[in-house]
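Heads up: the structure comes next, in structure tokens.
The values are calculated or read from the model by the stated rules, or taken from the named source; none is laboratory data. What you are looking at is a predicted structure, and each value in this text was computed from that prediction instead of being measured. With ideal geometry, Cβ positions are generated from the backbone for all residues, glycine too; neighbour counts draw on all protein chains shown.
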Amino acid sequence: MTAVLTPIQQRFSDLAGQGRCALMPFLMAGDPHLAATRATLLALQARGADLVELGIPYSDPLADGPVIQAAAGRALAAATTPARVLEMLASLKGELRIPVVLFTYSNPLLNRSMERFCRDAAAAGAAGLVVPDLPLEEAEKLSAIAAGEGLDLVLLVAPTTPAQRMARIHAASRGFTYLVSVTGVTGVRTSLEARVEALVRQLKELGPTPVAVGFGIAGPEQAHQVRQWGADGAIVGSALVKVMAAAADRHNGDADAIAEAAGRYCAELRAGLDH
């Protein structure tokens, strides 16, 4: 009997059949307000995003660089909470058709309880979770809970991850494996580390789970480079967050203007990936 694919697995399978690389923009929910987030999610879908990584703001985002930390601060100042993020996401049912992967830290997740968080996230329409500060042993526990709600728990591999542990992470990751392209926090880099190409190949040899590269992709050229290296997806966060912040400043936080700027940048990334 053929296994039923999750929404994330199905999306990567469809793209592989088309010979395309997945584009996955990241945005911080509630930056500068949830109305802008809602409009931007739809704009990204319309301008070529295949999946979206949606950050839930947290006061101590250890894996994030200054750009995304600032975005989280603005979102928290706008009274953005996990519950409000999920309410906003639920309001997009029927309109938002691309898989949404929630990016959160373990503290908010554990405060709500793993079981309740996964249940509420699935009910709101999320397709997956990324929890960067969760130890592998805890992640394996969460993965089973998430899978029971139809969610994929995506695990991260860093350039410094030992080979044996990398194999274990890749085997446990669902939906795709998130390959961190740099040693350090998120943020735009002028160039990607050459060893990422070897890491992509190594992961692909370990198993069939798709590999998406994130942390440091600064624009269309680097997105295209990731595709040339054989990755199945490119995740773009800080660069898009900067575009949205600039639009918010220029247009006094107007949701439509922010979404339009994000959509234009998404289209440039799409063109770079498909070049």
When every residue in the stretch 227-250 that is assigned to a helix (DSSP H, G or I) and charged (D, E, K, R) is compared, the one nearest to Gly216 (Cα to Cα) is Lys242
Here the residues within the stretch 211-226 that are surrounded by fewer than 23 Cβ atoms within 10 Å (Cβ to Cβ), in a loop (DSSP other than H, G, I, E, B) and either touching a Cys at 6+ places or on another chain (Cβ under 8 Å) or modelled with pLDDT of 85 or more (or both) are Gly219
- Task: With the condition kept exactly as written, say whether any residue in the stretch 255-275 is assigned to a helix (DSSP H, G or I) and touching a Cys at 6+ places or on another chain (Cβ under 7 Å).
- Result: yes
Within the stretch 223-264, the count of residues that are under 18 Å from the mean Cα position of the chain (by Cα) and free of Cβ contacts under 8 Å to residues at least 40 places away in the same chain comes to 1
Taking the stretch 194-207 and keeping only residues that are more than 13 Å from Ile169 (Cα to Cα) and either in contact (Cβ under 8 Å) with a residue 40 or more places away in the chain or outside any helix (DSSP H, G or I) (or both), one is left with Ala194, Leu199
Given the conditions (1) assigned to a loop (DSSP other than H, G, I, E, B); (2) in contact with an Asp or Glu (Cβ under 8 Å, 6 or more places away or on another chain), every one holds for Gly94 apart from (2)
- prompt: Can we say Arg11 is crowded, with 18+ Cβ neighbours inside 10 Å, farther than 12 Å from Phe176 by Cβ and basic (Lys, Arg)?
  reply: no
